[in-house]
Each structure stands twice: as C-alpha cells, then as structure tokens.
C-alpha cells in the first residue's frame, strides 16, 4: 500500500475511534429579576449526564453510573433555582472576577490602588457581594465537533465590585463521548484588571455520606500556608513530611486531624497546592476515587494552582439535593485556579490582564470507573 494511502487510512481509523460528542437539551428553569433562566442538560452514549444553568454559569449536576450501574450525581447543589439563587456557599457557580481571597480587598496595578467590596471577614472572596456566580449569563447551544456545546457570556462593567475596567467573559461547556466534561473560560478587558475564574464545585463521588475515605492524589509538591483568615502568607512550603503530602494516593481523612499549625485556622484543608511542572499547558492536577461507588475523577487544567477545601464549615444547615443536609465533610471543593491573593505577592503567578490580552482557563473533569 502506498504511503499516502496508509496516512489516509490511519486518519480515518483515528477519526472513527473518537466517540461523538453529547446532545444537549434546553429547558426552562424559572426566572430571576424577570429574566428567563435555562437548564442545559448534556448526555453522552455512556450515560453520563451534566446539567448547567445560565444563572451564575453554574454546574448543577454531574452524574455517571457507578460500579453497580446506579446513576450517581457527584456534585452538591440544589434541585430548585430558588435555592441556588439564595445560596451563600457557592454551590456550583463560576466564581469571579477573582476567585478565592484577596487580602483586605486591596491591590495595586501600575502604582494605582483599588478597593474591592468586602464580603468575608475583612477580605474579598469569589468576586464580592454579587460576583459572577449571581449574574444571569447570555447563553446558547452551538453545534461543534459532531455534538453540542453550551456557550455563555457576561460583561462585567468598569467598577463592578470595585474592579477596574470593563471585562467580557465567555464560557464554553462541552461533554465528549469519553466522559470528559470541559469548561473553557476566556476573558478580555478594556483596562488593566485582575482576573481568576473557576467553577466552584463541591464533590462527593459516592453521592452521599462522608468523603473522608475517598482516596485522593494531588500532583503538587508545595502548598501555600495561610494566616488566621486563610490568606496566603506568601511562602511556598514543601509538602514532604506534612499532612499536605498527597503526592501518592491516601484517604482524605488520613491526616486531616494531625496537629499541624496550618490545619488549625480552617479546621482542616482549605489551601492552595502548587502544581508540579506548571508551564501553562494542560496537566493532571488531581485524582479522586470514591470508596463506595468506584467512580474516579481526574481534573486536568492549565492553571498553576489547585484549591482543596475539605468541607470544614459544613454543619448540616444547608439543605441540598433530595432534601439532604450537607454535614461536616460530606463534600469537598476542588478549584483549579491562580493562587489566592496573587495580586499582592510578586512571587505568585501574574494575575493582571491587560487590554489586547486574552485570559484563558481550561479545565477538564474526567469521570471513569
């Protein structure tokens, strides 16, 4: 067979081996301030189901059949839109303009000082009092790569929550035939600003109960110690010999109660890990395994950090899906992102976006058995 025929045959075989993308259905999910809210539901040939809403660009469902064939929803959240609107614990939305904490809500760009809204102790967190997770996003279904994707956009005006510059954000959600759910976020601005955007998802791969026996691995050899208000001190600390060493699989609960000073402030893990070998390309950040369901999740991202919060402040006061109360460590949060308070630390990755530049964050959640 001629070389050109072999190349063509190889291309056809590679194309045929790729599973088609998923089909998306759109349904009404109520209204917020007179604006219609939609629920977009993805489903692929493997039975994986993901639902997203244009309120807060929120991910409200991520489900896959477990080892027994039971469809298991692995993310926390709510059944009704009204509950999501009233939520104060960031159950599933895209958070920003700057995810995580900024000390005292203050930073400087080019010698000019800015004051953001304060909404946690004396600090700014997850975009402020009414961040991106509380906004109604423009949304549509778009055909792409043999399937459907959902595209959402939001324009944040100059001065919103104290941030400088007008910024337009676009998010694309896509579920492929290999159970990769991708979230790609881009942003542009008309004046220098800071940006850090990520979905704020709570996970339990068993679908219920405690997460302490989940096995977990983080591809990070250093973490960021914090002060009493969970603001990074600026240090990068080696995980070796500490409860923060997740370089090999271990149960989440194995070292969570160790008397380590960096575990005291948050009553457990609520820290950013420094991803090994970060170079701006996609890397596996972590791998989580449900001890009862057999469901596994890998998170890949092009971001330098991963925030891991072990549900330390969940106390049963939040009633979520199926009227279940979310108790202590019934869910964990995993946020691929830039470092918390990066605008105030020269040794942290750059968080400033300037006119003419494009911010890009891509995250893939891969669910398998």
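Any read-out appearing in this document is the output of simple, stated calculations on the displayed coordinates, not a laboratory observation. These numbers come from a predicted model, not from an experiment. Here the Cβ positions follow ideal geometry from the backbone for every residue, glycine too, while neighbour counts run over all protein chains shown.
Provide the packing ranking of 333-346, 26-39, 230-243, i.e. peptides ordered by the mean count of other C-beta atoms within 10 Å per residue, highest first. Mind dumping the intermediate values first?
On the way: 333-346: 22.8, 26-39: 13.7, 230-243: 15.4.
Descending mean neighbour count gives 333-346, 230-243, 26-39.
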The chain, helix-only ellipticity at 222 nm - DSSP H runs n ≥ 4, -39,500 (n - 2.57), divided by all residues, nearest 500: -2000 deg cm²/dmol
message: Tell me the relative contact order for the chain as a rounded percent, counting alpha carbon contacts under 8 Å between residues six or more apart.
response: 17 percent
statement: Taking 0.36 nm per residue of separation between residue 158 and residue 144 and subtracting their Cα-Cα distance, the length gained on full extension comes to 1.8 nm
- line: Inter-part gap, Cα centre of segment 137-178 to Cα centre of segment 22-87, in whole angstrom, is 16 Å
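Output the peptides 106-114, 284-292 sorted from most to least packed, where packing is the average of other Cβ atoms within 10 Å over each peptide's residues. Could you put the intermediate results ahead of the total?
Values: 106-114: 12.8, 284-292: 20.2.
Packing order, densest peptide first, comes out as 284-292, 106-114.
For a footprinting-style exposure proxy, rank 43, 160, 120 by other Cβ within 10 Å, fewest first.
Details: 43 16, 160 21, 120 13.
Going from sparsest to densest Cβ surroundings: 120, 43, 160.
Apply the Kirkwood formula to the chain: the hydrodynamic radius equals the inverse of the mean of 1/r over all pairs of different alpha-carbon atoms; give it in Å with one decimal. Write out the running numbers ahead of the final one.
Values: mean 1/r = 0.0473 Å⁻¹.
One over the average 1/r among Cα pairs gives 21.2 Å for the chain.
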query: In cubic angstrom, how much convex hull volume per residue do the alpha carbon atoms of segment 124-242 span?
result: 198 Å³
message: I need 74, 324 ordered by Cβ neighbour count within 10 Å, fewest first.
response: 324, 74
task: May I ask you to sort 193, 368 by Cβ crowding, counting other Cβ atoms within 10 Å and putting the fewest first?
output: 368, 193
- request: Please give the direction-averaged projected area of the C-alpha convex hull for segment 218-260, in square nanometres with one decimal.
  value: 3.3 nm²
- request: Divide the volume of the convex hull of the Cα atoms of segment 311-369 by its number of residues and quote the answer in cubic angstrom per residue.
  value: 186 Å³
